Amino acid sequence: MDYHFVTEWKFEAPLELVWKEIYESENWPQWWKGVLSVDHLESGDENGIGDRKKYVWRSFLPYNLSFESKLVEKMLHRKLAGNVTGELEGSGVWTFEEQDGYTCVRYDWQVRTTKRWMNFLAPIAKPFFEWNHNVVMEWGRVALEKRLFENQLLLKMN
């Protein structure tokens, strides 16, 4: 079953800090509820293109999703794009921009599920899977907002 999600976040924080937190996804399990693990599998070129990581997510609904992501495009402080394989297949693109003193982040996630049970249930369960995705992304937004605030406080104190 195919899914297309668009998530938009807005932070009162410098673009560089927001970028860093999203780019350094190995740290997500420390602050993003639902991210169980991120394992670095393979290094890419000097710009990170080709980096491969394995992600395991735990959602509100009682199931885990595991997939690998390969970085295929990186524009510093502007864009990150990757292709995923595993229990999800497709692509994800993070875009970043500054707007009126805010950092705006957009995540486009175009994937299809490969788990047989998910595809079997999709005709009736797709709205629940979509809701579940939005819950997990909201967990990320709330946690990142808190983390950015704390990081900015530490910067001001030093």
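The values are calculated or read from the model by the stated rules, or taken from the named source; none is laboratory data. Everything quoted here is computed from the prediction, not taken from an experiment. Cβ atoms come from the backbone with ideal geometry, glycine included; neighbour counts cover every protein chain shown. Please note that ligands, DNA and RNA were not included when accessible areas were found on the heavy atoms of the full protein model with its side chains. Shrake-Rupley method; radii C 1.70, N 1.55, O 1.52, S 1.80 Å.
What do you get for GluC sites (Glu not before Pro) in region 69-158 restricted to DSSP loop and a cutoff of at most 12 other Cβ within 10 Å of the site's Cβ? When the GluC sites (Glu not before Pro) of region 69-158 are filtered for loop state and at most 12 Cβ neighbours within 10 Å, nothing remains.
When the alpha carbon gyration tensor of the chain is reduced to an equivalent ellipsoid, the three semi-axes, largest first, read 27, 18, 15 Å. Once you reduce region 39-58 and region 118-153 to the center of their Cα atoms, the two points are 21 Å from each other.
Computed about its Cα centre, the charge dipole of region 42-117 is approximately 440 debye, with only Lys, Arg, Asp and Glu carrying charge at their Cβ. Just the protein heavy atoms count here, and of the accessible area of the chain at 1.4 Å, carbon and sulfur take up 53 percent.
Taking a Cβ cut-off of under 12 Å around Val84, the surrounding Lys, Arg, Asp and Glu residues balance to a net charge of +2, with basic ones at +1 and acidic ones at -1. Each Lys and Arg Cβ is given +1 and each Asp and Glu Cβ -1; about its Cα centre, region 1-147 then shows a dipole of about 560 debye. Which one, Val56, Val93, Phe120, is farthest towards the positive end of the dipole of the chain when Lys and Arg carry +1 and Asp and Glu -1 on their Cβ? Ranked along the dipole, the leading option is Phe120. Each residue of region 9-21 was assigned a 3J(HN,Hα) from its phi angle through the Karplus curve 6.51 cos²θ - 1.76 cosθ + 1.60 (θ = phi - 60°); the sequence is 10, 9, 10, 8, 7, x, 3, 4, 5, 5, 3, 4, 5 Hz, with glycine and proline shown as x. Taken per residue, the accessible surface of region 1-70 reaches 54 Å², heavy atoms only and a 1.4 Å probe.
Comparing Thr103, Tyr3, Leu71 along the charge dipole axis of the chain, the residue lying farthest to the positive side is Tyr3, per the Cβ-charge model.
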